[in-house]
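Single-structure report; data block below.
The values are calculated or read from the model by the stated rules, or taken from the named source; none is laboratory data. Computed from a predicted model, the values in this text were never measured in an experiment. Note that each Cβ is placed from the backbone with ideal geometry, even for glycine, and that neighbours are counted across all protein chains shown. Heads up: the accessible areas ignore ligands, DNA and RNA and are worked out on the full protein's heavy atoms, side chains in. Shrake-Rupley method; radii C 1.70, N 1.55, O 1.52, S 1.80 Å.
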Amino acid sequence: MSLIVQKFGGSSVRDAERIRNVAGIIADTYKAGNQVMVVLSAQGDTTDDLIEKAREINPRASRREMDMLLSTGEQISIALCAMALEGMGLPVVSLAAWQVGVHTTGAYSDSRVQRIDSERVQRELDKNKIVLVAGFQGVNRFGDVTTLGRGGSDTSAVALAAAFGADLCQIYTDVDGIYTTDPRVVPGAVKLEAITYDEMLELASQGAQVLHNRSVELAKKYRVNLEVLSSLERKPGTKVKEVVKMEKTSIAGVAKDTSVARIAVVGLEHNPGVAFRVFSLLGRANINVDAIIQSIGRDTSKDISFTLPRADVEEAMRVLEEHKSSLGFDHLTVEDKIAKISIVGAGVMNTPGVAARMFEALYDANINIQMINTSEIKISVLIDEEDAVTALRAVHAKFFGNGD
Ligand code: ASP
Ligand code: MG
């Protein structure tokens with residue numbers, strides 16, 4: 001008997017018909033003799049709608065109350081899906097995170113899973129029940145509801161799979177797997193049979209938006225077998241695992257991220273410790289910085305530019321301005337009409353000519369590169385946002401052809 005964790009995203013449980021469809025998939029897995037644990041997201045755009053409701057009342061609502069509100073979406077889903085399974089005559093129980101004991105850090109709206117209690121879930125599994133768990137939510141040491149950050153239900157699923165040593169963690173979504181790039185934007189995108197954790201991690205954090213990246217980090221850490229597949233078509237998806245045999249090309253995919261911005265801290269003192277102070281302030285404010293460029297120092301001053309999620313710009317500006325005099329900079333500039341295009345592949349840095357091919361594709365499309373950032377498995381360029389789609393298509397075509 002295998003233990004399988006199945007996670008269904010918002011579009012997969014959008015309405016009654018989709019919930020019945022999901023219940024059908026769960027029932028089949030259960031009837032095939034598996035133990036089944038299910039994690040659900042909120043239905044459709046519920047989370048966005050709840051955020052909008054909050055804005056109408058108080059745009060500066062505390063994160064604690066936001067979590068109280070947003071966590072309700074997932075609870076609706078598990079209750080409804082449990083009712084669908086009950087209707088099919090199957091033994092099922094739905095559990096909120098506090099009932100399971102999904103313990104998280106204290107931070108509201110972006111907390112981390114610290115540990116998961118096994119007693120309650122195990123007891124239900126031992127009674128042969130299908131266990132439905134609300135995704136995205138946890139409980140902190142104050143007994144308060146927390147959420148794991150947008151898209152966090154994937155992480156709930158992987159954390160449960162890791163905690164219970166599940167044989168497989170299936171992430172059901174509205175696409176049938178991981179593609180070399182976003183198939184809605186680039187018609188020539190090709191579905192991958194498998195991809196490594198590291199590549200997936202880069203594709204996710206570069207904006208491929210299929211999996212929450214912390215879920216992939218967790219999967220890698222605990223060697224959770226992941227599969228991404230469609231809830232609408234019954235066919236194999238893409239496996240995410242440690243090692244993957246590469247075919248014709250050394251890259252797994254191309255990603256576009258238009259949720260980035262760049263902040264420049266202009267006129268910093270040219271002293272040791274300045275970069276440390278800037279980034280520790282941002283770190284303490286929980287702001288994730290990506291590419292960093294420090295200009296060559298002038299006589300007495302230097303500039304530091306970095307990219308960060310657009311959503312964090314306001315907070316980053318606030319923190320930096322607050323410490324303007326102690327950091328001793330002149331002013332800040334923000335650029336948010338930018339995009340990041342990345343090629344990702346386990347062999348990127350070891351394959352000669354890959355960077356040149358990417359830059360050639362951009363040159364042929366007459367696109368100017370503003371910043372370049374590389375890692376072992378990725379090369380990213382920062383470009384104007386208005387060039388993003390053209391750039392994605394040009395770079396993808398260079399490595400994978402036009403799909404014809
Ligand atoms: N409902 C939450 C969100 O939209 C979590 C999730 O769907 O994974 O961000
Ligand atoms: Mg998602």
* Structure fact -> Checked pairs for region 217-237, first in a loop (DSSP other than H, G, I, E, B), second polar (S, T, N, Q), C-beta under 6 Å and 6 or more apart or across chains, list as Ser231/Ser12
* Asked: What is the residue count in region 45-82 for residues that are under 14 Å from Tyr108 (Cβ atoms), of a type outside the set (Asp, Glu) and open to solvent by less than 30 Å² (accessible area, probe 1.4 Å)?
  -> 3
* Are there any pairs with C-beta distances below 7 angstrom linking a residue in region 154-168 that is open to solvent by less than 30 Å² (accessible area, probe 1.4 Å) and polar (S, T, N, Q) to a residue that is assigned to a loop (DSSP other than H, G, I, E, B) and within 16 Å of ligand 2 (Cβ to nearest atom), with the two at least 6 apart or on different chains, and if so which? -> Thr155/Leu148; Thr155/His212; Ser156/Gly135; Ser156/Phe136; Ser156/Leu148
* When Gly177 is evaluated against the numbered criteria (1) at positive phi; (2) within 16 Å of ligand 1 (Cβ to nearest atom), which criterion, by number, is the only one it fails? -> (2)
* To do: Mind listing just one residue for me: the one in region 391-404 that is crowded, with 16+ Cβ neighbours inside 10 Å and not basic (Lys, Arg) and, of those, nearest to Lys191 (Cα to Cα)?
  => Phe400
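Residue by residue, here is whether (1) polar (S, T, N, Q); (2) more than 23 Å from the chain's Cα centre (by Cα) holds:
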| residue | (1), (2) |
| --- | --- |
| Thr307 | yes, no |
| Asp312 | no, no |
| Lys324 | no, yes |
| Leu332 | no, yes |
| Val344 | no, no |
| Val354 | no, yes |
| Asn368 | yes, yes |
| Leu382 | no, no |
| Ala394 | no, yes |
* Give me a count of the residues in region 100-131 that are within 20 Å of Met83 (Cβ to Cβ), of a type in the set (D, E, K, R) and touching a residue at least 40 places away in the same chain (Cβ under 8 Å). => 0
* **Residue in region 207-227 that is closer than 26 Å to Pro352 by Cα, open to solvent by 30 Å² or more (accessible area, probe 1.4 Å) and within 16 Å of ligand 1 (Cβ to nearest atom) present** => yes
* Within region 134-160, which residues are within 14 Å of ligand 2 (Cβ to nearest atom) and of a type in the set (Lys, Arg)? -> Arg150
* Scan region 248-263 for residues that are out of contact with any Phe, Trp or Tyr (no Cβ under 8 Å at 6 or more places or on another chain) and more than 30 Å from Ala194 (Cα to Cα) and report the count. => 1
* Looking at region 161-171, is at least one residue within 15 Å of ligand 2 (Cβ to nearest atom) and either hydroxyl-bearing (Ser, Thr, Tyr) or outside any strand (DSSP E or B) (or both)? -> no
* Filter region 235-248 for residues that are modelled with pLDDT under 90 and surrounded by fewer than 17 Cβ atoms within 10 Å (Cβ to Cβ); which is nearest to the chain's Cα centre (by Cα)? -> Glu242
* Structure fact -> If you go through Asp15, Asp45, Asp67, the only one that is in contact with a Gly (Cβ under 8 Å, 6 or more places away or on another chain), under 26 Å from Val216 (Cα atoms) and of a type in the set (Asp, Glu) is Asp45
* Asked: Are any of the residues in region 132-152 within 9 Å of ligand 1 (Cβ to nearest atom), open to solvent by 30 Å² or more (accessible area, probe 1.4 Å) and in contact (Cβ under 8 Å) with a residue 40 or more places away in the chain?
  -> yes
* Kindly establish whether Ala346 is more than 26 Å from Ala285 (Cα to Cα) and either in contact (Cβ under 8 Å) with a residue 40 or more places away in the chain or of a type outside the set (Gly, Ala, Ser) (or both). => yes
* **strands (runs of 3 or more DSSP E) wholly inside region 23-105 that include at least 3 residues being within 16 Å of ligand 2 (Cβ to nearest atom)** => 35-40
* To do: Residue by residue through region 187-233, note down the ones that are within 16 Å of ligand 2 (Cβ to nearest atom) and more than 19 Å from Ser380 (Cβ to Cβ).
  => His212, Arg214, Ser215, Leu218, Ala219, Leu226, Glu227, Val228, Leu229, Ser230, Ser231, Leu232
